[in-house]
Amino acid sequence: SKKKGLSFEEKRARMMEIFFETKDVFQLKDLEKIAPKEKGITSMSVKEILQSLVDDGMVDTDRIGTSNYFWAFPSKALHARKRKLEELESQFAESSQKKEALQKSIEKSKIGREDTAERAALLKELAALRQKKEQLKTEIDKYRECDPDVVEEMRQTNQVAKEAANRWTDNIFSIKSWAKRKFGFEESRIDKGFGIPEDLDYID
């Protein structure tokens with residue numbers, strides 16, 4: 001069966017073994033030769049593994065002349081690992097707190113919203129009622145003249161107008177009677193001469 005390749009973490013651990021076992025200083029080209037032969041790490045991945053260890057503070061590096069040199073000592077690596085572990089534990093604790101707070105928020109937001117289908121139906125009904133209310137308001141404005149107060153106001157106004165019209169009609173009839181008696185005019189002649197409608201009458 002085909003041999004399973006090393007994981008990234010396994011490669012990192014084996015790279016550290018090279019430094020701890022030899023307690024030596026290396027250039028990249030040295031490690032690209034040693035790592036495949038002694039630790040089964042492909043030469044292509046040496047640079048990436050080395051850089052990740054430098055980033056984590058487990059391997060030191062320095063440029064001397066035109067070359068980069070790498071080294072690591074067990075005590076420093078141990079402290080670096082401890083710091084990294086503490087950092088990860090802190091991040092985990094923070095994430096756990098955030099998750100717990102979020103969970104509480106979710107639970108709190110669910111109160112009164114347990115039956116989402118029913119709630120959705122109620123919200124839909126509420127929206128429909130609001131729309132209906134607006135329609136009714138428009139209808140009310142449109143037919144406001146049917147309002148009892150408005151009707152009463154119009155009735156009173158009409159009554160005043162009717163009384164005034166009947167007073168004028170009364171006056172016209174009085175003048176017509178006087179003209180007929182005084183000058184012997186025919187009623188039709190008086191109506192025509194003064195532009196009085198033939199069907200003039202009192203308003204009920």
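Bear in mind that the values in this text are calculations on the coordinates, not laboratory data. Keep in mind that this is a model prediction, so the values were computed, not measured. Glycine also receives a Cβ, built like all others from the backbone with ideal geometry; neighbour counts cover every protein chain displayed.
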Practice task
Would you please list the contacts, defined by Cβ atoms under 6 Å and residues six or more apart or on different chains, that run from a residue in the stretch 186-204 that is under 13 Å from Ile172 (Cα atoms) to a residue that is surrounded by 10 or more Cβ atoms within 10 Å (Cβ to Cβ) and not aromatic (Phe, Trp, Tyr)?
Solution key: Ile190/Lys176; Ile190/Ala179; Glu198/Asp191; Tyr202/Asn166; Tyr202/Thr169
Practice task
Would you tally the residues in the stretch 57-91 being in a loop (DSSP other than H, G, I, E, B) and either over 21 Å from Lys23 (Cβ atoms) or touching a Lys or Arg at 6+ places or on another chain (Cβ under 6 Å) (or both)?
Solution key: 2
